[in-house]
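Q: The following block contains the structure, expressed as structure tokens.
Just so it is clear, none of the values below were taken in a lab; they were calculated from the coordinates. Computed from a prediction, not measured in an experiment: that's the story for all the values here. Neighbour counts are summed over all protein chains in view; Cβ atoms, including those assigned to glycine, are modelled from backbone coordinates with ideal geometry.
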Amino acid sequence: METRPVNRFQRRKERTRRQLKESALALILEKGYDAITIDNIVGRADVGKGTFYLHFKDKETLVWEILLEGLDAVKQEADRWYRERPNMVFYGFLVSFEYAAKNQDLFRIMLGSHGQAMLTQRVKQYLAEEIEREVEAQTVFPEMDLPPRFIGQYLAGALTQTLIWWIETPNDYTPSQMAKMFYHMVFWQPYAEN
């Protein structure tokens, strides 16, 4: 549960962080990750460069926080789906494709063929660690006799690459179709809705 800042200083600090993130995101969508600088971000946010460094170490740290918020939102949505439906794996895939569909421009710029390799790697690692935790807790793949770390790395790499391909390649596949195809590849059987 998110806690709200309790005093004026904390609210201002949170507002400035939000302004910096919104400015960075808008600039990335306009110009691409590599084309923007910290000067561009602070100019758009109308804050000083020193203020930027009070909040973020560098541009990558700022953008990673934006991506992490999105990844956390996907995880929360997948968890919500799981409480309502029994197949967490399929709904995890579905929520991932739905999020990518809603944020195509950002995914294309950040994780696509012209994206930042370090950020793509961090996304893969985040996904791998989340999958590994679920495997260790036996909420997913309880029947697989493979090391959780291997399962996490394999699925994170395959899912990330498939998401990138899907958003960069002209096609008519819906998020649901993509999730079903991905599920079919992982389990070698079609997804059957209950």
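Q: Which value at 222 nm does the chain reach when only helices count, each DSSP H run of 4 or more adding -39,500 (n - 2.57), with the total divided by all residues and rounded to the nearest 500 deg cm²/dmol?
A: -24000 deg cm²/dmol, from helical runs alone.
Q: Loop-only check: which GluC sites (Glu not before Pro) in the range 119-185 are DSSP coil with at most 15 other Cβ within 10 angstrom?
A: Sites meeting the loop and neighbour criteria: Glu143.
Q: Within straight cross-link reach of Lys49, meaning Cα distance under 22 Å, which lysines are found once same-chain residues fewer than 8 apart are removed?
A: Filter leaves Lys13, Lys21, Lys31, Lys57, Lys59.
Q: While we're here: Please report, to one decimal in angstroms, the Kirkwood hydrodynamic radius of the chain built from all distinct Cα-Cα pairs.
A: The answer is 18.2 Å.
Q: Would you mind computing, in nm to one decimal, how far apart the modelled labels at Asp172 and Arg18 are, each placed 7 Å from Cα along Cα→Cβ?
A: Spacing of the two 7 Å Cα→Cβ label points: 4.1 nm.
Q: With the Cα gyration tensor of the range 1-82 in hand, convert its eigenvalues to equivalent ellipsoid semi-axes via √(5λ) and list them largest first in whole Å.
A: Values for the range 1-82, descending: 24, 19, 9 Å.
Q: When we measure straight from the Cα of Lys180, which lysines land under 22 angstrom away, once same-chain ones fewer than 8 places off are left out?
A: Lys75, Lys102, Lys124
Q: With a point put 7 Å past each Cα toward its Cβ, work out how far Glu30 is from Met185 in nm, to one decimal.
A: 3.6
Q: Something else: When you count, for each residue, the other Cβ atoms within 10 Å and take the mean per peptide, how do 155-161, 50-56 rank with the highest first?
A: 155-161, 50-56
Q: Are there trypsin sites (Lys or Arg not before Pro) in the range 122-194 that DSSP puts in a loop and that have at most 14 other Cβ atoms within 10 Å, and which ones?
A: none
Q: Working from the alpha-carbon coordinates of the range 104-155, get Rg over Rh, Rh being the Kirkwood radius.
A: For the range 104-155, the value is 1.13.
Q: Stokes-Einstein at 37 °C, 0.692 mPa s, Kirkwood radius from Cα pairs: D for the range 8-56 in µm² s⁻¹?
A: After rounding, the answer is 303 µm²/s.
Q: Mind checking the range 144-194 for chymotrypsin sites (Phe, Trp or Tyr not before Pro) that DSSP puts in a loop (not H, G, I, E or B) and that have at most 13 other Cβ atoms within 10 Å?
A: Within the range 144-194, the qualifying chymotrypsin sites (Phe, Trp or Tyr not before Pro) (loop, at most 13 other Cβ atoms within 10 Å) are Trp188.
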